[in-house]
Amino acid sequence: MRADLTFGRAPDPGPAFTTAGASENAAWFIRAMIFSGELGPGDRLPPGRDLAARLGISIVTLRVALKSLETAGYIVTSRGARGGSSVSDLETLGRCWRAWMRDKGHELDDICELRETIEVRIAWLAAQRRSSDELEAIDRANALLVETGSSVLRWNVAFHDSLARAAHNSHLERAMVEVRGELFLPVDAYLRQRRVEELVAAHGAVLDAVRRQDAEGAAASMRAHLAETQSVIKLTVEESGQFQADVPADPPGVSRGQPQDRRSSPR
Ligand SMILES: [Zn+2]
């Protein structure tokens, strides 16, 4: 699974790391996998032992993390022989996302600036460096849209991923995935606002420029796409301020990940 590439750097917990801190970090990793589209709505989480090993934590610590994610609504857990944890449905994730964004509101502009820096550069490089196979892969990823919530999310992720691969810079690619863990496309917002056509057109413009090997054009199209995404995000966050009561506050360890906590995380 692709998540291995970006989130699988089994961290060394280190002696200064408390179990509480470790479970908060684990919750942050798993939530980032969900927000970044590595794990989609309804997907089953990897078996507990594998996930714990990948995160470099004990199974007990993992259970604490999963419990807090479940309480916040990100995942559902069923018991029994075929039991296990899976990602919630798209609607529930949308509510989680709005709660998360309300929490992070003050950081939103910073995150968007970072995302623009990374992804505009990726588009610019991809236009110059893409091979014909990579162009075909971007084209294929972009042709896959089926208009259900989950697949719009996957489609968008697949497009940006294939573009990043064509840029031939693994550090930029990793940075893109990480920033997406902070700020994923509010796909349910696009659907509710009936703006999926805009999304398709925006990707189409980037793709055309990459096909022409027009670096400046690809960069400009990506910048426009991200600016539009940012406006949808802001609108959705503002809207959700009017019905704050619809989501329980995230418990500690899920939403809170203060930036300084994360910087001290062993990644
Ligand atoms: Zn996009």
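Values in this text are rule-based calculations from the coordinates and carry no lab data. Because the structure is predicted, anything quoted here is derived from the model rather than measured. Backbone-built Cβ (ideal geometry, glycine too); neighbour counts: all protein chains shown.
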Approximate spin-label separation LEU108-SER86, in nm, with each point projected 7 Å along Cα-to-Cβ:
3.2
Taking a crude spin-label model, label points 7 Å out from Cα along the C-beta direction, the ARG129 to SER170 distance in nm is 1.2
